[in-house]
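What follows is calculated from the coordinates using simple rules that are stated; it is not laboratory data. These numbers were taken from a predicted model, which means no experiment stands behind them. We place every Cβ from the backbone using ideal geometry, glycine too, and count neighbours over all the protein chains shown.
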Amino acid sequence: MFDWLDPAWFEALELGLLGRLLLATALGGLIGLERELAGKPAGLRTNMLICVGAALLMDISRSVAASAEVGPADPARIAAQVVSGIGFIGAGTILVERGSIVGLTTAATLWVVAAIGLAVGSDAYVAAIGATVLVAGTLVVLGRIEGFLFERRRAVHLDLVLDPSDEMLDRVAEILQGHRVKALPERLQKQADRYRIMYELHGSHSRRDAALNDLAGEEGVRRITLHHKR
């Protein structure tokens, strides 16, 4: 059934360096497209460049080892530095946001994309394509399952300070409803110079973020504070 995945089939293609780089571009782009659509900082171009760079370094490492004039050389010596180098890029995607650590999945994805590039550079095409399918499936399928099971059930507290007008209260409710975020009012304080209202929000992380971004753009919203429930 899967005879077309026979490594001999790929060897028959006799992919040169350019072919391997094109394959790395396609595989990295497939994963990067999912990251781009998910609105992550490391998107399409980042994943493509990392995959191509890893494949190129792996090819160079093998070429240098094959052309060594004095004694045997380790063909993975240069490529091994990709593993440590990608760690610096991955660390830059990990942030502390609103009391929570975010970006771990993005960092892990970059690490795997680099490994896929190394596999392409070492002619392990079946492993590279298989890993790409598994990673893409994990990000898309499991991401949706995780969002359904956890994010929709996780509530946060939203504390807003607004201009003292009922129109602003209506506008806030309109924005939250527009993003399909369930908002349960907890407390409302009306003062002469400001209104303060607190909600318990239920909804996916992406919808909440989109609603908060819109609220931040409203002139009548003076302060936004988000508290995660323990």
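Label-to-label distance, residue 89 versus residue 173, with points set 7 angstrom from Cα along the beta-carbon direction: 4.9 nm.
The phi torsions of segment 184-199, fed into the Karplus equation with coefficients 6.51, -1.76 and 1.60 and a -60° offset, translate into couplings of 9, x, 9, 7, 10, 10, 10, 10, 5, 9, 6, 10, 10, 10, 10, 10 Hz, rounded to whole numbers, with Gly and Pro shown as x. Applying 0.36 nm per residue to the separation of residue 188 and residue 155 and subtracting their alpha-carbon distance, the gain on full extension is 10.0 nm. Taking only the alpha carbons of segment 105-149, we obtain Rg and Dmax values of 12.0, 39 Å in that order. With a ≥ b ≥ c the root eigenvalues of the C-alpha gyration tensor of segment 154-228, is it rounded (a/c under 1.5), prolate (a/b larger than b/c) or oblate? It is prolate, given that a/c is not under 1.5 and a/b is the larger ratio.
As a proxy for reagent exposure, 207, 222 were ordered by neighbouring Cβ count within 10 angstrom, fewest first; the result is 222, 207.
Computed 3J(HN,Hα) for segment 207-214, one whole-Hz value per residue from the Karplus formula 6.51 cos²θ - 1.76 cosθ + 1.60 where θ = phi - 60°, is 5, 5, 4, 5, 5, 5, 4, 5, glycine and proline marked x.
If R0 equals 35 Å, the separation of the Cβ atoms of residue 223 and residue 127 corresponds to a calculated FRET efficiency of about 0.10. Across segment 20-32, rounded Karplus estimates of 3J(HN,Hα) from the backbone phi angles (6.51 cos²θ - 1.76 cosθ + 1.60, θ = phi - 60°) give 5, 5, 5, 5, 4, 4, 5, 5, x, x, 4, 6, x Hz, Gly and Pro being marked x.
Which of the chymotrypsin sites (Phe, Trp or Tyr not before Pro) found in segment 112-212 are loop residues per DSSP with 12 or fewer other Cβ atoms within 10 Å of their Cβ? Taking segment 112-212 and a limit of 12 other Cβ atoms within 10 Å, the loop chymotrypsin sites (Phe, Trp or Tyr not before Pro) found are 150.
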